[in-house]
Amino acid sequence: NHISRLTEDLQDQKRGHLRITCLPGFATSLLPRVLARFLKERPGMSLTLEPRSPERIQGWISAQQFDVGLSEEFEESPAIESEEVLIRTVCIAPKGHALAKKKIVSAKDLNGIPLIVTNRDHYLYRALQQAFHVDGVEFNALVESRQFAPACIMVAEGYGVAVVSEIDAREYQSEGLVIRPFEPVIPFKINILYPAYKPRSIITLEFVESFKKSLEPFIL
């Protein structure tokens with residue numbers, strides 16, 4: 001009957017194939033856990049996960065080669081629809097560091113301390129540099145890394161401090177990181193990208209809902 005056919009159609013859509021492209025940092029933090037739970041609830045569903053640069057992600061989404069992209073900043077395009085989510089950043093320091101005594105860390109507290117930062121063309125680098133400039137303290141950026149994971153590992157090993165996404169900081173908390181709020185607030189921007197001219201499937205919508213729910217503890 002009609003209801004049975006509708007039920008079968010919905011089940012077929014949930015058993016479909018989902019293609020996700022994301023920044024490499026997402027593929028090594030909370031995303032795999034979100035996907036594991038998502039797939040366990042949907043027997044028969046298949047998945048492609050392709051970590052790439054922001055430029056490649058934007059190109060693939062524009063060309064409708066992927067259902068959803070997880071990126072940072074991107075160039076506006078009529079071929080892309082997006083949702084922005086703002087995530088807290090935090091200061092991380094090695095276990096036993098003097099910053100552990102602070103409830104909140106500011107640029108003044110980091111005066112002259114070796115810093116691990118994002119690449120200098122990244123908006124977080126510019127925002128952090130500006131915070132140091134406003135406070136009139138030394139911005140001692142000695143290591144640049146496009147991803148947060150290397151910064152977390154290096155800090156856990158006892159070198160330098162960093163301001164990173166709280167998502168990544170919590171991933172490495174068990175390694176002994178000291179994690180403190182950083183002021184001024186500098187958000188880490190996650191943009192969820194969709195092909196503008198491709199209908200979103202049920203599994204795409206359900207995945208995005210699951211992903212956004214996993215971000216709730218970190219949202220500004």
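The values are calculated or read from the model by the stated rules, or taken from the named source; none is laboratory data. Remember, it's a predicted structure, so these values are computed and weren't measured experimentally. Cβ sites come from the backbone with ideal geometry, for glycine too, and all protein chains shown count toward neighbours.
Observations
- Evaluated against (1) at pLDDT 95 or above; (2) over 28 Å from Glu171 (Cβ atoms), His2 falls short on exactly one condition, (1).
- One residue from Val134, Val117, Val105 being of a type in the set (Val, Ile, Thr) and either surrounded by fewer than 18 Cβ atoms within 10 Å (Cβ to Cβ) or outside the structural domain of Gly176 (by TED's automatic domain parsing) (or both): Val134
- Residues of region 73-86 satisfying the condition of being closer than 21 Å to Leu30 by Cα and crowded, with 18+ Cβ neighbours inside 10 Å: Val85
- Qualifying residue in region 209-219 (condition: surrounded by fewer than 19 Cβ atoms within 10 Å (Cβ to Cβ) and part of a strand (DSSP E or B)): yes
- Any chance Glu206 is assigned by TED's automatic domain parsing to the domain that holds Asp67 and either of a type in the set (Asp, Glu) or crowded, with 19+ Cβ neighbours inside 10 Å (or both): yes
- Every residue from region 140-150 that is farther than 18 Å from Val185 by Cβ and of a type outside the set (Asp, Glu): Asn140, Ala141, Leu142, Val143, Ser145, Arg146, Gln147, Ala149, Pro150
- Odd one out for Gly44 among (1) at negative phi; (2) among the small types (Gly, Ala, Ser); (3) outside any strand (DSSP E or B): (1)
- The strands (runs of 3 or more DSSP E) falling completely within region 99-208 include none with 1 or more residues that are touching a strand residue (DSSP E or B) at 6+ places or on another chain (Cβ under 9 Å) and without any contact (Cβ under 8 Å) to a residue 24 or more places away in the chain.
- Selected residue (criterion: surrounded by the fewest Cβ atoms within 10 Å (Cβ to Cβ)) from residues of region 5-43 that are closer than 17 Å to Asp67 by Cβ and at pLDDT below 90: Asp12
- Subset tally (residues that are touching a helix residue (DSSP H, G or I) at 6+ places or on another chain (Cβ under 9 Å) and within 28 Å of Ala27 (Cβ to Cβ)) for region 127-154: 12
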